[in-house]
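Taking it in order: structure first as structure tokens, then the write-up.
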Amino acid sequence: MNPAEVARLLGRILPTVQKPGRYTGGELNQTVKDWSAVDTRVALAFPDIYDLGMSNLGLAILYDILNHEADVLAERVYLPWNDMEAAMRRAELPLYSLESKHPVADFDILGISLPYESLYTNTLNLLDLAGIPLYQKSRTKEHPLVVAGGHAALNPEPMAAFIDAFVIGEGEEVILEIVRTYNKWKAREKPRETLLQALAQIWGVYVPSLYEAHYLEDGTLSHIEALTEKAPIPVLKRIVPKLPPPLTRFIVPFIDVTHNRVPIEIMRGCTRGCRFCQAGMITRPVRQRSVEEILNAVEKALAQTGFEEVGLLSLSSSDYEPILDLVRVINERFAGRHLNVSLPSLRIETFSAELMESLKDSSRRSGFTLAPEAATERMREIINKPVSTEQLLETAREIFSRGWHTIKLYFMIGHPSETIEDVQAIVDLCKAVLKEGRRIIGKRAQVNAGVSTFVPKPHTPFQWVPVDATDQIEAKQALLKRELRGPGLKLNWNNPEETLLEAWLSRGDRRMGKVIFRAWQLGAKFDAWQEHFRYDLWLQAFDDAGLNFYFYTQRERPIDETFPWDHIDAAVKKQFLTEDYLWSLEGRTRLDCRERCFACGILPKYADLRRKYPGETWECPEVRSPRSRSHAKTHLATPA
Ligand code: SF4
């Protein structure tokens, strides 16, 4: 089908569906290039609807990088909502790109963002709507190369059967290497296998079909075998030594989307070492942007988009070293412009309230968010988020005193070794915070507790631990629902069955692909949408695939178990994670590694890169070259 036919069918369909602005393209700042004037066409897809996908910063960055190349074009693809999907299937309209309306199957490369696991059935649906064979082994030279990346790709195995190549780590540099490799291959008319082998040579690219998984009799993984010399083991995470200048030319949607703001990443990586946090482990090392670079980007992005809000993004904004300078200069430079600045992920300290007040941000309306994650000091030591209860109450007092009425507190239940008393402590802590608020501002004080259930993730110190069983989660939630009620208190919680899905998929192995495929066949999609999630379909899919879901969630893994993601090197050593897990069992905490390096593995893995970009890179201690070693006595630890 050509773009003119796609446009003709859209003209008929769009008046019949909700929010047609999701499907038209044509927004301010989109890039439309001449299809016939470029060598490589890349479709960048987010496997959920436009409203969510438009806020995905990773895809926006890749779109910009690719479209800066004269011989490449990149266009956007999102999943249609149910009404549009039904209309497209009825009209036999294939999935198409928003910019030129070319069918996705006509592109050379399809890049899919996989930030979280509940997008897996959507990914299959996306391939199906595009008319691309779901299984990578069924694709020929005529089909696009299907590449996926994002945090979920750090355990690529559950989706190994469906994806040609995964990007492990940061995509800014590797994306162009993939395009160049693809081009060379296309010019030579070689079999698809040749392309896959060439891709596997690129640092940070994992081609799952070049590996085979072997299992032991008890169902655990024995090892992953590389089927060719061209397939490296392990596959090391790609990083950029220095963050490139921030993106400023954002596409401005016609309709309301999840975040109508300019997102500027101020810092990447985190040194705090919270043991449950996958992002904190897999995005190391810390790299910061300069205040000047951020300010210039904000200025430029506002001028190019007309947005009135800026999100200064990072995993832990208070850890951005020049945060005070940044806030001060933003206030000076944008005074009188009614700019709304949000600074998510602040630490639990009174300084956070001061910071937010100086930004005069919109949290005064929506509430001030703190994430203690656990309610007792014992539990916060186990998860390595050591904050005292008194410190938390002091911060709460500061927040109420500075004019906020609502504090949102985020917790998780199901941390390792949690007892019902630890859950009761969530109730007690919320009530204690409310009491402080009442004392300071009276009945206007409000505490909203958000309680999710902990899901152990690959590449974290908690990758060995089981997930709470459904009845345990329900008992803990029942206590919270019973006790956390009354004036000034509100509770939000997650459906335990959705938690289990995330848990199955995040630590799944290659066999999980059969379950995902079967669940999709049975009708599972939009699993991240509460109203669409069908737990019964997933249970049947496990049954039909002959797999036991308890194996993936309720089992405490032996310390020496080989994991399905062990051949994917996130640069933090398994030995470090093991030690940290054992420390957690003893309630031992680790300092922020800016204060003391714990030799997590990052430094030796990227030592060459760091030598290549001296003084420009990240916050770990200096790498010692053999010649300078004798002068390096001040370093706190020898990175190993
Ligand atoms: S090498 Fe040291 S300073 Fe760097 S991330 Fe690891 S523990 Fe932190």
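Taking Cα centroids, how far is segment 160-176 from segment 251-323 in Å?
When both Cα centres are located, 22 Å separates them.
Taking the Cβ-Cβ separation of L585 and A607 as r and a Förster radius of 45 Å, what is the calculated FRET efficiency to the nearest 0.05? Walk me through the intermediate numbers first.
Values: r = 32 Å, r/R0 = 0.71.
Using R0 = 45 Å, I get an efficiency of 0.90.
Compare the Cα positions of P558, L14, L370 along the charge dipole of the chain (+1 at Cβ of Lys, Arg; -1 at Cβ of Asp, Glu; about the Cα centre) and return the one farthest towards the positive end.
Projecting each Cα onto the dipole axis, the largest value belongs to L370.
Placing +1 at every Lys and Arg Cβ and -1 at every Asp and Glu Cβ, with all other atoms neutral, what dipole size does segment 3-236 have around its Cα centre, in debye to the nearest 20?
Details: 20 positive and 32 negative charges, 159 e Å.
My answer is approximately 760 debye.
Classify segment 196-272 as rounded, prolate or oblate from the Cα gyration tensor: take a ≥ b ≥ c as the square roots of its eigenvalues, call it rounded if a/c is under 1.5, otherwise prolate when a/b beats b/c and oblate if not. Walk me through the numbers before you get to the answer.
Numbers: a/c = 2.43, a/b = 2.16, b/c = 1.12.
It comes out prolate by the Cα gyration axes.
So how strong a dipole does the chain carry about its Cα centre when Lys and Arg Cβ are +1 and Asp and Glu Cβ are -1, to the nearest 20 debye? Don't jump to the answer; show the numbers that get you there.
Values: 80 positive and 85 negative charges, 222 e Å.
Dipole about the Cα centre, nearest 20: 1060 debye.
Against the globular-protein guess of 2.2 N^0.38 Å, express the Cα radius of gyration of segment 359-494 as a ratio, rounded to two decimals. Walk me through the numbers on the way to the answer.
Working: Rg = 15.2 Å, N = 136, 2.2 N^0.38 = 14.2 Å.
Ratio of Rg to 2.2 N^0.38 Å for segment 359-494: 1.07.
In whole Å and largest first, what semi-axes does the C-alpha gyration tensor of segment 102-171 yield when each eigenvalue is scaled by 5 and square-rooted?
Numbers: eigenvalues 72, 30, 26 Å².
They are 19, 12, 11 Å, listed largest first.
Run the numbers for T16 and D325: contour at 0.36 nm per residue of separation, minus the present Cα-Cα distance, in nm. Could the numbers behind the result be given before it?
Values: separation 309, 0.36 × 309 = 111.24 nm, distance 5.13 nm.
Answer, rounded to one decimal: 106.1 nm.
Could you tell me the calculated FRET efficiency between N2 and R439, based on Cβ-Cβ distance and R0 = 51 angstrom, to the nearest 0.05?
Details: r = 69 Å, r/R0 = 1.35.
Working from the Cβ atoms, E equals 0.15.
Run the dipole for segment 376-484 about the Cα centre, Lys and Arg Cβ at +1, Asp and Glu Cβ at -1, nothing else charged, and hand back the magnitude in debye, nearest 20.
Its charge dipole is roughly 640 debye.
Could you work out how far apart the two model spin labels at Q391 and Q575 are, taking each label as a point 7 Å from the Cα in the direction of the beta carbon, and quote it in nm?
It works out to 3.1 nm between the two label points.
Once the dipole of the chain is set up with Lys and Arg at +1 and Asp and Glu at -1 on Cβ about the Cα centre, which of L114, I239, H459 lies farthest towards its positive end?
Final value for the positive-end residue is I239.
Please sort 101-108, 417-424 by packing, taking for each peptide the average over its residues of neighbouring beta carbons within 10 angstrom, highest first.
Details: 101-108: 20.9, 417-424: 15.9.
My ranking of the peptides, most packed first, is 101-108, 417-424.
When you count, for each residue, the other Cβ atoms within 10 Å and take the mean per peptide, how do 480-487, 172-179 rank with the highest first? Provide the component values of the computation, followed by the final result.
Details: 480-487: 13.5, 172-179: 20.1.
Ranked from most to least packed, the peptides come out as 172-179, 480-487.
Once the other residues with Cβ under 10 Å from the Cβ of R510 are scored (Lys, Arg +1; Asp, Glu -1), what is the net sum? Don't skip to the end; give the middle numbers.
Working: positive: R511, K514; negative: E157, E212, D509.
Summing Lys/Arg as +1 and Asp/Glu as -1 gives -1.
Step by step: find N for segment 1-72, compute 2.2 N^0.38 Å, then divide the Cα radius of gyration by it. What's the final number? Mind dumping the intermediate values first?
Working: Rg = 13.9 Å, N = 72, 2.2 N^0.38 = 11.2 Å.
Cα Rg divided by the expected 2.2 N^0.38 Å: 1.24.
Would you calculate the convex hull of the Cα atoms in segment 3-236 and tell me its volume per residue in Å³?
On the way: hull volume 30.3 nm³, N = 234.
In segment 3-236, the Cα convex hull volume per residue is 129 Å³.
Mind jotting down the distance between the C-alpha centroids of segment 431-462 and segment 507-539, whole Å?
Comparing the Cα centres of segment 507-539 and segment 431-462, I get a distance of 31 Å.
Quick test of your reading: applying the under-4.7 Å Cβ rule, which cysteines of the chain are isolated?
Taking the Cβ cut-off of 4.7 Å, the unpaired cysteines of the chain are C270, C430, C593, C597, C600, C620.
Ignoring ligands, DNA and RNA, what percent of the 1.4 Å accessible area of the chain is carbon and sulfur? Don't skip to the end; give the middle numbers.
Working: 13230 of 25890 Å².
Here it works out to 51 percent.
Output the pairs from K19/K237; K385/K443; K186/K300; K137/K230 with a Cα-Cα distance over 29 Å in this structure; if there are none, say none. Numbers along the way, then the final one.
Working: K19/K237 39 Å; K385/K443 31 Å; K186/K300 38 Å; K137/K230 18 Å.
Violating the 29 Å Cα-Cα cut-off are K19/K237; K385/K443; K186/K300.
Take each of the peptides 88-95, 291-298, average the number of other beta-carbon atoms within 10 Å over its residues, and list them starting from the highest.
Working: 88-95: 16.1, 291-298: 18.4.
Ranked from most to least packed, the peptides come out as 291-298, 88-95.
Go ahead and run the numbers for FRET between E193 and V32, Cβ-Cβ distance against an R0 of 41 Å, rounding to 0.05.
In this case the efficiency is close to 0.75.
Select from the chain the helices, each a whole stretch of DSSP H, whose alpha-carbon atoms run 30 Å or more along the helix axis and whose Kyte-Doolittle mean is at least 0.0; answer none if there are none. Display every interim value, and only then the final one.
Values: long enough: 420-441 (32 Å, 0.44).
Sorted by number, the helices that extend far enough and score high enough are 420-441.
Indicate the gyration tensor shape class of segment 420-484 (rounded, prolate or oblate), computed on the Cα atoms with a ≥ b ≥ c the square roots of the eigenvalues: a/c under 1.5 is rounded; otherwise a/b larger than b/c is prolate and the rest oblate. Please report the intermediate quantities before stating the final value.
Details: a/c = 3.38, a/b = 2.06, b/c = 1.64.
Cα axes put segment 420-484 in the prolate bin.
If you stretched the chain out fully between D256 and S222, how much longer would it get, using 0.36 nm times the residue separation minus the C-alpha to C-alpha distance? Could the numbers behind the result be given before it?
On the way: separation 34, 0.36 × 34 = 12.24 nm, distance 4.87 nm.
Answer, rounded to one decimal: 7.4 nm.
When the convex hull of the C-alpha atoms of the chain is computed, what volume per residue in Å³ does it have? Kindly include the intermediate steps, with their values, before the conclusion.
Details: hull volume 107.2 nm³, N = 640.
Dividing the Cα hull volume of the chain by its residue count gives 167 Å³.
Just to confirm, what accessible area per residue do you get for the chain at 1.4 Å probe, in whole Å²? Intermediate results must be reported in sequence, preceding the final value.
Numbers: 25890 Å² over 640 residues.
Per-residue value: 40 Å².
Kindly identify segment 540-619 as rounded, prolate or oblate by the Cα gyration tensor criterion: order the square roots of the eigenvalues as a ≥ b ≥ c, call it rounded if a/c is under 1.5, otherwise compare a/b with b/c, prolate if a/b is larger, else oblate.
Working: a/c = 3.47, a/b = 1.80, b/c = 1.93.
It is oblate, given that a/c is not under 1.5 and a/b is not larger than b/c.
The values are calculated or read from the model by the stated rules, or taken from the named source; none is laboratory data. All figures in this text were calculated on a predicted structure; none of them were measured in a lab. Quick reminder, even Gly has a Cβ in these numbers, built from the backbone with ideal geometry, and neighbours come from all protein chains shown. What goes into the accessible areas is simple: the full protein's heavy atoms, side chains included, and nothing from ligands, DNA or RNA. Shrake-Rupley method; radii C 1.70, N 1.55, O 1.52, S 1.80 Å.
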